[in-house]
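A.B. asks: Take a look at this one; I'll ask things after.
The values are calculated or read from the model by the stated rules, or taken from the named source; none is laboratory data. Only a predicted model underlies this, so the values are computations on that prediction, with no experimental measurement involved. Cβ: placed from backbone, ideal geometry, glycine included. Neighbour counts: every protein chain shown.
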Amino acid sequence: MNGKKKSLIHILLVLWSITNIFPIYFMLTFSLKNNEEIFGENVLGLPRHWIWANYESALNTGNMALYFVNSLFVTAAAIGISIIAAMMATYALTRIKWKMSKLTNAMFMLGLTIPLQASIVPLYVVLSKLHWLNKYTTLIVPYSAFTLSMSILICTGFMVDIPYDLDEAATIDGCGLYGIFFKIIMPLMKPALSTVGIYAYLQCWNEFMFANCFISDSKHRTLPVGIKELSGTYTTEWGPIGAALVIATFPTLIAYVALSSKIRDSFIAGAVKG
Amino acid sequence: MEKKRLVSMLLAGVMTLSLVGCGDKTAPAGDSNAGASEAAPAADAAPAESADASADAGAADAASSDPITLKMWCIATESDSNRHAYEAAIEDMKKAHPEVTLDWEAFENESYKTKIKAAVSANEMPDIFFTWSCAFLGDFVNAGKVYCLDEAYEKYKGDLDEKMLANTTYDGKHYGVPLTMNIVGLFANMDILKEAGYEEIPGTYEDFIKCCDAIKAKGKIPFGCAGKETWCVTEYLESIIEKTAGAPALNDIFAGKATWNNEDVAASVDTFQKMINDGYFDPSGIGLKNDDVKANFMAGKYAFYMNGTWNCADFANNAEFFPKVKVGEFPVINADKSKLGQLIGGPSDTLAVAASSPNAARAADYTFELGKLICNYGYLDGCGLPAWKVTGDTSSVNQLTQDVAKIVQNSDQMVLFGDTAMSADSANTYLSYVGQVYGGKIDGKKFIENLAKDIQ
Amino acid sequence: MERDKSALQQKRKKDLNKGLTVFVFLLPGLLLFVSVLIAPIVVSLYTSMLDWNGFTQGTFIGLANFQELFTSGSINFWGALKNSLLLALFSVFIQLPLALLLALILGRKPKGERAYLTIFFMPVLISTVVIGQLWLKIYNPDYGLLNRFLELVHLEGWKHIWVGEEETALGSIIVPTIWQYVGYHMLLMYAGVKGVSTDLREAAMLDGATKWQTDRYIVIPIIKPIIRVSVIFAVTGSLKSYDLIRILTNGGPFESTEVPSTLIENMLFLRNRYGMGSTITVMLIALCFAFALLISAAFKEKDN
């Protein structure tokens, strides 16, 4: 009975694993095939002729390498800004006592439910009036703002765990509020960095709507938009699209698998603390 | 030489045909036949040399020679049939105007619409931008965001007939430089037609339906139509409406001069739906994009494909498929109201200059010259018929495009594509109901009722 | 007396100092938040009452846009709302239970726990645009995997033009949406499950509870706050859904898969109706808030 149940559980786990891995495998194989193989007999197997030219098309025509670097830069910068702003705000909200702190915190938490679409039009009008379109910062600033609420939520979880005695001890030692932040809180918040980073990464890396509307020159285009454009170019040729998808996906997947336990622990820390 | 003369003769035909303008509702619409005689001399004087000379003359007085940079947005992406024409034209312009640096960027059609509108509303337009004629450009013109080209046009009058500007003329002022013009063509895979026992595209509606039945009997699908892109459905539906209700009636409806509440339109919708229900259309089409459908047609899945004549270029470039394909006109359904030669199409691809451009006057001249070159190369490539007088050797133009020119030469009246002719809001309401027609959600009666209600 | 005064002054100075510090620390966050989120919403509130095409000056028309939104035949707001709520329903009642089940199973430390965790989280990391393109290839009527598979097992009758038929289009969107984010919710809940002390579990087991009973009566109540967060994210996420729909169906066929976000885009960029676009935006924000409050309230109610 117990054995039966156990094997049932394992079947479930294996099945779900297959549904998770299979599309990725499918993507990898068709990125190396030509249409005849994809449309013909060899739908699922490993490619018979490995067509690396698909990758060449994706990299040359599709500029995937540039878009990848752009995405990486925009995401990293947005995460950086978001973390700094969130740390500072969280410090003011949790470790300094003042009247409106609860209310201010509640306001920041509203951001969790505000849809990105809400600000696209007004933001576009303002950004263009300021001649602030087609720059990396055009995306970095909204991205860091939209990840801010989540970052504050997670930082709060971490920061309230830091014993308040430390602050008091530091005050007695003559530390001001700034001193406490830089000397005591910051070093102890290191574990929060990776957690905030992961949540922010998930929001920024995939973002499509702002990137599509705010960036019109190809120099600053990010991956999601690049893929959309490329798939418009190669609607009927699946190979190069597959190659672009792989280029967009595999570096992060590989990094994830290599660091998976650390990433997972950070993600989990966020869930518990938040 | 013989061929060359034929082509310029055909072009003369193109120049003479009447175009129904949208912006300027009073001017060119009425003179459907009167235009023929007056335009003929202009067409006769179209040999290559003289046209070249006048272009150079235009270049010489195109303002100062200070180096400037102009920014241009268009939709000639790598996969677009017009890509080569743009590249070649821009290369030529670089040589002719080394002082102008053109910084150009191409976007995918669908996202371009989003981008250009957002840019216009934010006053963040490039100096030169691609636009569709009539309502699309009209919104920008009404908002005062487009530079008036009347002054610049004076210099290029000799090469560009004013009729070609009808779709980009608002309140009697010109705002657009037309590139190529296209109509909806009925493309046929003659291999399949022969298999079904037809040597030519049937000329009458009865024969046409019989032909479709014969094709079906051979296990082939008569038509392919991309349901995921509603404009592809309009290519069929508008032709059917035109050949039922007549071009004048359809044009009045598009122009807002007549109500949608028209029994002939309802009947056309029912005709279209009967064809769908009779299995003339590929049922997969509803889930496909146009590129897929086109690929299917070229792969021999469908006998007919109704779409813009810009496709001629792609068909001509496919050596294996090209010998099989022919182009024709959809047959007349109601001979009392319509006749052959009533077509859907007209000049729509347009370049315009932003009013906000700091170098608007020079950009205007540059746009005319560039437009002329793009038109020229585009025509040679088979991307459509030229809106400008053509220069150079045109004997290399593919047979399909020449056939289109012949159809246009014999044309009686053209009605511009509905989604271009109508304002953005109305056009999308219209497209939404056309989509519902293709999906069998509403019948002809509902179609006209809904449109009459929603579009005032 | 003197002393009190100076103490008061000092306190005031300290308060001022503190206030300044609070302000300095909040400044970057507030600046970002107000300029990118709050101000645009306020502007949207105003533009939602305009008849405005985005190019010219708008005219103030009060609540006429809202009225049209609820009554118009060609703006299918109710349909869009229905679709996103359906998406939310499937998320809450299929995606979350599946995630919870996986989290509970993995919480029992089965063989290969780490490998499973890694695999289940993978789809979350892939860009939605990539997922959309990938599933388009799976759904392709002629060459797609799904139809090929059905052919292979001789179920030709089940073949569909998945994203092109009204009956299947919404389902074709729901499946990848759920598929992608099961891992996300699973990991959230798994974190909660791991947080339940082993003593508590062991105590329950000693009392004769089965593993399932322990999960049901001990673990689930403890991780309730996390489940609540998951539900809020799932529902508001569904209301906001955009990317996958944009790529898979673009609201079609015949607007049967339209959601508020695609409707907004349609209004802004296709129909040049910025006023109406803002109106839908305002409705969307209001709905997101309403549902977040509603869900929180529902969980509180249950607790009592």
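A.B. asks: Consider A:VAL125 against the criteria (1) free of Cβ contacts under 8 Å to residues at least 12 places away in the same chain; (2) surrounded by fewer than 18 Cβ atoms within 10 Å (Cβ to Cβ): it satisfies all of them except one. Which criterion is unmet?
C.D. replies: A:VAL125 satisfies every listed condition except (2).
A.B. asks: Now for a separate question. With A:ILE9, A:ILE96, A:ILE21 as the choices, which residue is β-branched (Val, Ile, Thr), assigned to a loop (DSSP other than H, G, I, E, B) and at the interface with another protein chain (Cβ under 9 Å from one of its Cβ atoms)? Break it down into steps so the answer makes sense when it comes.
C.D. replies: Working: A:ILE9 fails: assigned to a loop (DSSP other than H, G, I, E, B); A:ILE21 fails: assigned to a loop (DSSP other than H, G, I, E, B).
After applying the criteria, what remains is A:ILE96.
A.B. asks: Restricting attention to region C:243-276, which residues are on the phi < 0 side of the Ramachandran plot, more than 7 Å from every other protein chain (Cβ to nearest Cβ) and part of a loop (DSSP other than H, G, I, E, B)?
C.D. replies: C:THR249, C:SER256, C:THR257, C:GLU258, C:VAL259
A.B. asks: Can you tell me which of (1) surrounded by fewer than 23 Cβ atoms within 10 Å (Cβ to Cβ); (2) touching a helix residue (DSSP H, G or I) at 6+ places or on another chain (Cβ under 8 Å); (3) not assigned by TED's automatic domain parsing to the domain that holds B:THR234 is the one B:THR429 doesn't meet?
C.D. replies: Just one mismatch for B:THR429, condition (3).
A.B. asks: Scan region B:382-400 and give yes if some residue there is outside any loop (DSSP other than H, G, I, E, B) and among the β-branched types (Val, Ile, Thr), otherwise no.
C.D. replies: no
A.B. asks: Let me ask you something else. I'm told C:LEU50 meets every condition in (1) more than 14 Å from chain B (Cβ to nearest Cβ); (2) in contact (Cβ under 8 Å) with a residue 60 or more places away in the chain; (3) farther than 28 Å from B:PHE447 by Cβ except one. Can you identify the failing condition by its number?
C.D. replies: Looking at each condition in turn, C:LEU50 falls short on (1).
A.B. asks: Within the set of pairs 6+ apart or on separate chains, which have a first residue in region C:73-92 that is free of Cβ contacts under 8 Å to residues at least 12 places away in the same chain, a second that is crowded, with 20+ Cβ neighbours inside 10 Å, and C-beta atoms under 7 Å apart?
C.D. replies: Partner pairs satisfying both residue conditions: C:SER74/B:THR429; C:SER74/B:SER432.
A.B. asks: Ok, one more. Filter region A:114-151 down to the residues that are assigned to a loop (DSSP other than H, G, I, E, B) and over 14 Å from C:LEU37 (Cα atoms), then identify the one that is nearest to the other protein chains (Cβ to nearest Cβ).
C.D. replies: Top of the filtered list is A:LEU133.
A.B. asks: Tell me, which residue of region B:321-342 that is in a strand (DSSP E or B) and of a type in the set (A, V, I, L, M, F, W, C) is surrounded by the most Cβ atoms within 10 Å (Cβ to Cβ)?
C.D. replies: Step by step, filter region B:321-342, then rank; the result is B:VAL327.
A.B. asks: So B:TRP132 clears everything in (1) in contact with a Phe, Trp or Tyr (Cβ under 7 Å, 6 or more places away or on another chain); (2) assigned by TED's automatic domain parsing to the domain that holds B:TYR366 except one condition, right? Which one?
C.D. replies: (1)
A.B. asks: Would you confirm whether or not region C:225-234 contains a residue that is within 11 Å of chain B (Cβ to nearest Cβ) and either closer than 30 Å to C:TYR190 by Cα or over 15 Å from the mean Cα position of the chain (by Cα) (or both)?
C.D. replies: No.
A.B. asks: Can C:VAL36 be described as more than 14 Å from chain B (Cβ to nearest Cβ), without any contact (Cβ under 8 Å) to a residue 12 or more places away in the chain, in contact with a Pro (Cβ under 7 Å, 6 or more places away or on another chain) and surrounded by 14 or more Cβ atoms within 10 Å (Cβ to Cβ)?
C.D. replies: So C:VAL36 fits the description; yes.
A.B. asks: Related question: Being at pLDDT below 90 and either in a strand (DSSP E or B) or crowded, with 23+ Cβ neighbours inside 10 Å (or both) narrows it down to one of B:ASN167, B:ASN182, so name that one.
C.D. replies: Result: B:ASN167 is the single residue among B:ASN167, B:ASN182 that is at pLDDT below 90 and either in a strand (DSSP E or B) or crowded, with 23+ Cβ neighbours inside 10 Å (or both).
A.B. asks: Looking at region B:343-363, can you tell me whether even one residue there is in the same structural domain as B:GLU200 (by TED's automatic domain parsing), surrounded by fewer than 24 Cβ atoms within 10 Å (Cβ to Cβ) and assigned to a loop (DSSP other than H, G, I, E, B)?
C.D. replies: No, that holds for no residue.
A.B. asks: Restricting attention to region A:24-38, does a residue exist that is surrounded by 13 or more Cβ atoms within 10 Å (Cβ to Cβ), closer than 18 Å to C:TYR181 by Cα and within 10 Å of chain C (Cβ to nearest Cβ)?
C.D. replies: Yes, the conditions are met somewhere in region A:24-38.
A.B. asks: Quick check on my filter: what residues within region A:207-265 are of a type in the set (Lys, Arg) and part of a helix (DSSP H, G or I)?
C.D. replies: Of everything in region A:207-265, those that are of a type in the set (Lys, Arg) and part of a helix (DSSP H, G or I) turn out to be A:LYS219, A:LYS228, A:LYS262, A:ARG264.
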